[in-house]
Every structure is written in C-alpha cells, then in structure tokens.
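For reference, the structure discussed in these notes is given below.
The values are calculated or read from the model by the stated rules, or taken from the named source; none is laboratory data. On a predicted model such as this, the values are computed, not experimentally measured, just so you know. Glycine also receives a Cβ, built like all others from the backbone with ideal geometry; neighbour counts cover every protein chain displayed. Note: accessible area is taken over every heavy atom of the protein model, side chains too, but ligands, DNA and RNA are not part of it. Shrake-Rupley method; radii C 1.70, N 1.55, O 1.52, S 1.80 Å.
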Amino acid sequence: MSAAHPSTLPRWRAGRAATWRFFDETLMPGAYKARPIALRHPFVFYEGHLAAFAAIKLLREALGRPPLDEALEKLFERGIDPPAEGGAPPLTAWPRRETVTAYVRRADAAVEEALFSGALDGEAQRAAVHTVIEHELMHQETLRYMLHRLPCADKRAPAESVAPALPDRLAQPAAVRVPAGVATLGAARGEIPFGWDNEFPRTCRMVPAFTIDALPVTNGDFLEFVEAGGYTDSSLWAVGDEEWLRSHGVAHPAFWTRDRGAWLWIGQFGLLPLPLSWPVWVSHAEASAYARWRRRRLPTEAEYHRAAFGTPEGPERALPWGGAEPSPERGNFGADRDDPLPAGSRPAGASAWGVHELVGNGWEWTATPFGPFEGFAPMSTYPQYSADFFDGRHFVLTGASPATPAPLVRRTFRNWFQARYPYVYAKFRCVHP
Ligand SMILES: [Fe+2]
C-alpha cells in the first residue's frame with residue numbers, strides 16, 4: 001500500500017477535525033436544526049454536506065464507486081443561495097443528528113482509506129482532493145457567520161477563543177494616491193498548486209491612477225452616515241434596495257444593535273459597546289450607499305489588486321506585504337479570533353503604497369460584479385462552482401476575514417455574495433473622486 005501524497009491526508013484530517021469540533025463542542029445540540037439565515041440551509045445541512053461533498057467528489061466521481069447512501073447524498077449535495085427568502089423545506093424534513101453522524105462517519109472512513117491508499121494520487125484526482133479540502137475550509141467560515149446569528153445560549157466559545165480587542169485608539173483617516181499601472185488578476189494554469197476555476201487564466205488590466213482610503217471604513221465613520229439619516233435617504237440607494245430595507249426592517253448594520261439609546265456591537269459570544277475603531281461589517285448595498293453619501297465609490301476588483309499588490313518599482317507582490325507567508329502579524333485572518341481588530345492594527349501587512357489591511361479583518365467588497373476572466377473554463381471537478389453565480393447579482397470580495405482559514409489567503413482567491421447579504425464578515429473602503 002503506497003502512502004498518500006504527504007500533504008493532502010493531514011490537511012484533510014485537520015479540516016474534518018475542525019468541523020467535528022464545531023458540531024460537537026461549539027454549536028449546542030438544541031441548535032442543530034436552527035436556521036439563523038433564511039437564505040441558507042440549517043446547520044444540520046452543513047454537517048451532512050461536507051462529508052457528502054467529499055464522498056461524491058472523491059469516491060463516486062473520481063473513483064467511480066457507488067453512493068454510500070443515495071438519499072442522503074442527494075439531500076446533502078448542494079447548498080442554496082436564493083435571491084429572496086421563502087420556499088425552503090421545513091426543518092422537520094431534516095434527519096436527526098444520529099442519522100447524519102452515522103453517515104458522516106462512514107463517509108470519513110471511506111475517504112480516509114481512499115486518501116491513504118494512494119488511489120487518489122493521479123493528477124485529476126489530486127485536483128478533486130484539493131477541491132474537497134478548500135470546500136471544507138470555506139464552509140467553516142459559513143458556519144461561523146451563521147453561528148453569529150444565534151443567541152449566546154446556543155453556542156459555546158472554543159477554549160482557544162481570543163477575547164475581543166477593545167478599541168485603544170481611533171483610526172486616522174488617510175487616503176493614498178496609487179499611480180496608473182497594470183494589475184494582474186488571476187493566475188496562469190499550473191502557476192499555483194490549486195485554484196478554483198474563477199481564478200484562471202491570468203488577466204492583465206490597465207488601471208488609471210486613483211486615490212483610495214488607507215484604512216477600511218470604521219464603525220465610527222459609518223455611525224455618521226446612520227445618524228445623518230443615510231438609511232432613509234432614497235437618493236443613496238440602488239433600485240430595489242429601499243424595498244429590501246423596508247421589508248427587512250434594515251436601519252443599521254446587521255452587526256449592530258441598540259439598547260436604551262446606546263449602540264452595541266453583536267460579537268460572536270456577547271455584546272460590546274460599539275467599537276468605533278473597528279471596521280464596519282455591512283452588505284454591498286450598505287457599503288455602496290455610504291460611498292455615495294461621501295461622494296466616493298467602491299474600488300473595482302482591478303483597483304483592489306493594484307492597491308494591494310502593485311509596487312512603485314513595477315513588479316507585483318504575491319501578497320500586500322511581499323512574499324512572506326500569511327501570518328497573524330500581517331493580518332487578522334486564520335480563524336483564531338472571532339471579531340475584528342481596530343482598523344490599522346496590523347501595519348506589517350500594509351501594501352507597498354501604504355494601504356492597510358487589504359487582507360484580513362473582513363473581506364473587502366468591490367464594485368465589480370462576479371464574472372469570468374476571459375478564457376474561463378469551468379473546473380471538471382465542480383463545473384457549477386462559479387458559473388452558476390455569473391448572474392450580475394453577486395459582487396466580488398477580496399482579501400480575508402478573521403474567520404478565513406489561512407490556507408485560503410492567496411492573491412488570486414475570489415469570494416462573492418449578493419448585494420443585500422448582510423451576514424458575511426465584509427468590510428469596505430472607498431475610492432475618492
Ligand atoms: Fe458547499
């Protein structure tokens with residue numbers, strides 16, 4: 001029996017262990033079928049989905065084996081991202097946890113055996129293994145922001161959880177001029193060990209000079225917009241946004257609440273007085289309205305790349321700070337912290353132009369609708385992954401959030417959400433006229 005590729009088995013095991021810990025330790029049993037976000041399935045789906053996705057991709061599709069459980073693999077095959085709430089199956093239709101975990105244990109054992117045996121060591125199979133490993137890491141962030149919507153009684157802070165960093169200073173607003181130049185988006189096929197289909201091929205964009213905030217917009221900045229009546233000024237909102245504000249009662253960011261006249265931050269494990277120096281986490285619709293109010297705009301995806309990876313000397317960097325591996329001193333990512341840090345807390349992660357925290361402390365909204373680079377081809381291991389979302393309703397996010405596992409931090413990684421999805425850990429900054 002030959003050993004699996006040295007890096008994939010431990011990486012897959014580490015991802016599974018983190019998911020098990022979430023369901024066994026962090027999420028309280030009574031919340032297993034809770035569905036805190038109506039645009040997503042309940043938690044139970046994700047426990048089944050992560051195991052079923054691996055079984056489908058690795059055992060069925062890569063190795064041609066029969067399903068382990070046809071009905072459960074159909075139920076757990078794919079998540080949802082509808083444009084509006086409604087039409088979801090009732091919670092009673094989901095299986096009990098014992099049924100799900102029995103399936104998950106069978107699937108894990110079969111995948112472990114396949115990985116260990118070397119049966120998945122061929123080039124096409126290796127791509128499927130990478131797909132499964134990154135899919136799990138991405139959904140661990142899904143689970144964290146869903147957990148954020150639950151009351152504290154439904155969750156338990158992991159032992160290694162880091163207490164929130166209370167603001168110690170206010171961010172100093174400053175803007176940086178980035179000269180015209182070329183931004184390289186994406187990668188050539190074969191250039192990186194693994195990328196999703198939307199990261200290919202390498203694409204060069206000429207970017208005119210622009211002026212961009214050196215720091216993300218903070219809660220303190222956004223409070224001015226809220227108090228100036230920004231949520232009720234129709235001139236600031238895109239078509240359809242006002243209906244969303246009205247029907248959902250949206251009058252402030254989803255991570256804020258108000259108690260006896262005081263604004264509070266909804267932390268993962270408790271409320272805090274609103275930390276004015278933390279980046280504000282909002283939807284694309286709210287970020288865009290704020291930018292209009294300031295007579296500014298969101299950066300395009302190409303401008304983000306120019307601000308993050310461009311240099312005065314010309315050659316682009318692998319990451320904003322250079323070629324060093326992602327580490328906690330350079331950005332708030334890696335899933336060891338639940339909340340943001342005060343904006344500007346990681347100067348070692350600044351780009352060559354002095355633009356801070358382009359990676360970490362919250363994904364970064366761009367003005368660019370999610371779409372393919374010229375020459376895009378759907379990935380054979382998961383052809384629906386990106387193509388189903390090239391619909392003009394989703395916008396590109398870049399960088400990383402505190403809940404993003406470090407292996408997903410790379411220059412070419414692209415995230416996307418609908419404009420009125422306020423639950424994700426997403427910040428923004430503005431480009432000045
Ligand atoms: Fe998924």
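Quick check on region 355-369. Is at least one of its residues in contact (Cβ under 8 Å) with a residue 60 or more places away in the chain, of a type outside the set (Lys, Arg), under 24 Å from residue 127 (Cα atoms) and touching a helix residue (DSSP H, G or I) at 6+ places or on another chain (Cβ under 8 Å)?
Looking through region 355-369, none of the residues is in contact (Cβ under 8 Å) with a residue 60 or more places away in the chain, of a type outside the set (Lys, Arg), under 24 Å from residue 127 (Cα atoms) and touching a helix residue (DSSP H, G or I) at 6+ places or on another chain (Cβ under 8 Å).
Inspect all residues belonging to region 65-77 and state whether any of them is more than 16 Å from the ligand (Cβ to nearest atom) and not in a loop (DSSP other than H, G, I, E, B).
Narrowing region 65-77 to residues more than 16 Å from the ligand (Cβ to nearest atom): 65-71.
From what's left, not in a loop (DSSP other than H, G, I, E, B): 70-71.
Yes, region 65-77 contains a residue that is more than 16 Å from the ligand (Cβ to nearest atom) and not in a loop (DSSP other than H, G, I, E, B).
Could you check residue 350 against (1) out of contact with any strand residue (DSSP E or B) (no Cβ under 9 Å at 6 or more places or on another chain); (2) open to solvent by 30 Å² or more (accessible area, probe 1.4 Å) and say which number it fails?
Every listed condition holds for residue 350 apart from (2).
Let's see how each residue does on (1) in a loop (DSSP other than H, G, I, E, B); (2) away from the ligand (no atom under 16 Å from the Cβ):
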site	(1), (2)
104	no, no
110	no, yes
114	no, yes
120	yes, yes
124	no, yes
134	no, no
139	no, no
164	yes, yes
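Do any residues in region 63-77 that are surrounded by 14 or more Cβ atoms within 10 Å (Cβ to Cβ) have Cβ atoms under 9 Å from those of residues that are β-branched (Val, Ile, Thr), where the two are at least six apart or on different chains, and which pairs are they?
67/56; 72/99; 72/100; 73/56; 76/56; 76/100
Can you name every residue in region 204-241 that is surrounded by fewer than 21 Cβ atoms within 10 Å (Cβ to Cβ), of a type in the set (Gly, Ala, Ser) and within 30 Å of residue 373 (Cα to Cα)?
Within region 204-241, 209, 238, 240 qualify.
Restricting the search to region 141-151, which residues are touching a residue at least 60 places away in the same chain (Cβ under 8 Å), open to solvent by 10 Å² or more (accessible area, probe 1.4 Å) and more than 16 Å from the ligand (Cβ to nearest atom)? Show your work before the answer.
To start, the set of residues in region 141-151 that are touching a residue at least 60 places away in the same chain (Cβ under 8 Å) comprises 141-150.
Narrowing further to those that are open to solvent by 10 Å² or more (accessible area, probe 1.4 Å): 141-142, 144, 149-150.
Of everything in region 141-151, those that are touching a residue at least 60 places away in the same chain (Cβ under 8 Å), open to solvent by 10 Å² or more (accessible area, probe 1.4 Å) and more than 16 Å from the ligand (Cβ to nearest atom) turn out to be 149, 150.
Restricting to region 78-102, give me the number of residues that are hydrophobic (A, V, I, L, M, F, W, C), open to solvent by 50 Å² or more (accessible area, probe 1.4 Å) and either away from the ligand (no atom under 16 Å from the Cβ) or in a helix (DSSP H, G or I) (or both). I'd like the intermediate steps shown before the answer.
Of the residues in region 78-102, the ones hydrophobic (A, V, I, L, M, F, W, C) are 80, 84, 88, 91, 93-94, 100, 102.
Those still in the list that are open to solvent by 50 Å² or more (accessible area, probe 1.4 Å) too: 80, 84, 91, 93, 102.
Retained after the next criterion (residues that are either away from the ligand (no atom under 16 Å from the Cβ) or in a helix (DSSP H, G or I) (or both)): 84, 91, 93, 102.
Selection size over region 78-102: 4.
Can you name the number of the only condition in (1) in contact with a Gly (Cβ under 6 Å, 6 or more places away or on another chain); (2) buried (at least 19 other Cβ atoms within 10 Å of the Cβ) that residue 293 fails?
(2)
Just the residues that are part of a strand (DSSP E or B) and basic (Lys, Arg), please, taken from region 381-433.
Our first condition is that a residue be part of a strand (DSSP E or B); within region 381-433, this holds for 394-400, 415-418, 426-427, 431-432.
The answer is 427, and nothing else.
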